[in-house]
Amino acid sequence: MVSTALRDAPEDIADPLVEFTAQGLGNRPAEHLWRNLVAVDLSFYKSSLSEEIRDEGRAQGLEQGIEQGHLQRAAEDVLLVLEQRGLEVTDEVRGRITGCGDAELLRAWLVRAVVVPEAEDVFEGE
């Protein structure tokens with residue numbers, strides 16, 4: 001495999017090979033595989049392509065982390081309202097709320113949590 005062979009190659013040899021291979025693949029499906037190999041197999045390697053791939057991965061990871069943080073906070077808000085109202089929150093209700101990956105649904109549950117007579121009632125109307 002080219003990426004494996006390039007691990008031991010000097011940078012002045014590996015750099016053009018990595019870049020030319022990426023350019024030669026163009027928009028073919030193999031280009032995506034090559035980008036992943038460069039990012040993983042050649043993680044030590046510093047080229048414009050490898051840095052671009054790593055930057056894309058970091059940005060995507062940050063974006064996903066922020067989204068997960070918002071969902072977690074929204075779930076915590078629903079639970080906080082229910083608990084502050086003195087309603088019993090069962091493990092089933094807690095699990096369903098914390099396992100929800102839909103921000104709009106969590107917002108709807110938060111609105112309902114303010115007025116429902118029982119914690120389980122936040123799920124009504126779905």
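A few notes on this one:
- Residue match in segment 82-105 (condition: among the polar types (S, T, N, Q) and outside any helix (DSSP H, G or I)): yes
- Residue in segment 91-98 that is without any contact (Cβ under 8 Å) to a residue 60 or more places away in the chain, of a type in the set (D, E), farther than 22 Å from Q64 by Cβ and surrounded by fewer than 16 Cβ atoms within 10 Å (Cβ to Cβ) present: yes
- Test: residue in segment 76-88 that is among the polar types (S, T, N, Q) and surrounded by 11 or more Cβ atoms within 10 Å (Cβ to Cβ): no
Read-outs: derived from the displayed coordinates by stated rules, not from any lab. It should be emphasised that the depicted structure is a prediction, and the values quoted were computed from it without experimental measurement. A quick note on method: Cβ atoms are made from the backbone with ideal geometry, for glycine too, and the neighbour counts reach across all protein chains shown.
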